[in-house]
Amino acid sequence: MSMLKPQAPDLRVQKWIGADGESTGPLKLSDLGSGPKILFAFQHWCRGCHVHGFPTLQRLHSALSLRGVGFAVIQTVFEGADENTFEKLRVNQLEYALPVAFGHDEPLAGATLPTFMEDYRTRGTPWFSIIDAGGRIVFSDFHLDADKIVKDLELV
């Protein structure tokens, strides 16, 4: 990640379910509160997402959700559209007991990558993007040290 800490683009993901599993309208970063935000990108069929990504997200959510950190999960469908479906959002939301919004991001007509992958320059899944309270991307990568992030964000 660049030391310049780019401003986080707003989300363009169109299909979402809320924490209750019900379909909802598009989510904006401001809907996640005024504090830091953690965005997690996954694919339902991604083994690494289930072995490493979701458990890491559970740790972060458990430690930080009551401290003003906002969370959203985005299924980036850049391959395997038959398996990475909108219906799988609720399956994963329930399996990992994550009461946060889940989005389903397929490429727009004529595009090769989903909007989140384009806007945040992600390179696959599982992927974590952390945005500070000022709206700047401070972390964006495959793996993170959950204990370090918890410690850092508890100081905010």
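So which of Asp82, Asp105, Asp119, Asp147 ends up being of a type outside the set (A, V, I, L, M, F, W, C) and under 21 Å from Leu64 (Cβ atoms)? Please lay out each step first, then the result.
Details: Asp82 fails: under 21 Å from Leu64 (Cβ atoms); Asp105 fails: under 21 Å from Leu64 (Cβ atoms); Asp119 fails: under 21 Å from Leu64 (Cβ atoms).
None of the other options fit; the residue is Asp147.
What number of residues in the range 1-32 are surrounded by 12 or more Cβ atoms within 10 Å (Cβ to Cβ) and within 24 Å of His143 (Cα to Cα)?
Qualifying residue count, the range 1-32: 11.
Give me the pairs: first residue in the range 9-35 and under 12 Å from Leu89 (Cβ atoms), second residue among the charged types (D, E, K, R) and open to solvent by 40 Å² or more (accessible area, probe 1.4 Å), beta-carbon distance under 9 Å, and six or more apart or on different chains, which are they?
As it stands, the answer is Lys15/Glu106; Ile17/Arg90; Gly21/Arg90; Ser23/Lys15, since those pairs meet every condition given.
Filter the range 66-109 down to the residues that are open to solvent by 60 Å² or more (accessible area, probe 1.4 Å), closer than 22 Å to Gly21 by Cα and out of contact with any His (no Cβ under 8 Å at 6 or more places or on another chain) and list them by number.
Those that are open to solvent by 60 Å² or more (accessible area, probe 1.4 Å), closer than 22 Å to Gly21 by Cα and out of contact with any His (no Cβ under 8 Å at 6 or more places or on another chain): Leu66, Asp82, Glu87, Arg90, Leu94, Glu95, Ala97, Pro99, Glu106.
Going through the range 110-134 one residue at a time, which ones are farther than 21 Å from Thr56 by Cα, open to solvent by 10 Å² or more (accessible area, probe 1.4 Å) and not in a loop (DSSP other than H, G, I, E, B)?
Correct list: Glu118, Asp119.
If you check every pair at least six apart or on different chains, which have Cβ atoms under 7 Å apart with a residue in the range 127-149 that is on the phi < 0 side of the Ramachandran plot first and a residue that is charged (D, E, K, R) and assigned to a strand (DSSP E or B) second?
Phe128/Asp141; Ile131/Lys37
What is the number of the single condition among (1) charged (D, E, K, R); (2) more than 21 Å from Leu153 (Cβ to Cβ); (3) buried (at least 19 other Cβ atoms within 10 Å of the Cβ) that Lys37 does not meet?
Among (1) charged (D, E, K, R); (2) more than 21 Å from Leu153 (Cβ to Cβ); (3) buried (at least 19 other Cβ atoms within 10 Å of the Cβ), Lys37 violates only (2).
The values are calculated or read from the model by the stated rules, or taken from the named source; none is laboratory data. Note that the structure is a prediction, hence the values are computed from the model and not measured. Here Cβ is always computed from backbone atoms with ideal geometry, including for glycine, and neighbour counts include all displayed protein chains. Areas reflect the complete protein model, heavy atoms only, side chains present, ligands, DNA and RNA absent. Shrake-Rupley method; radii C 1.70, N 1.55, O 1.52, S 1.80 Å.
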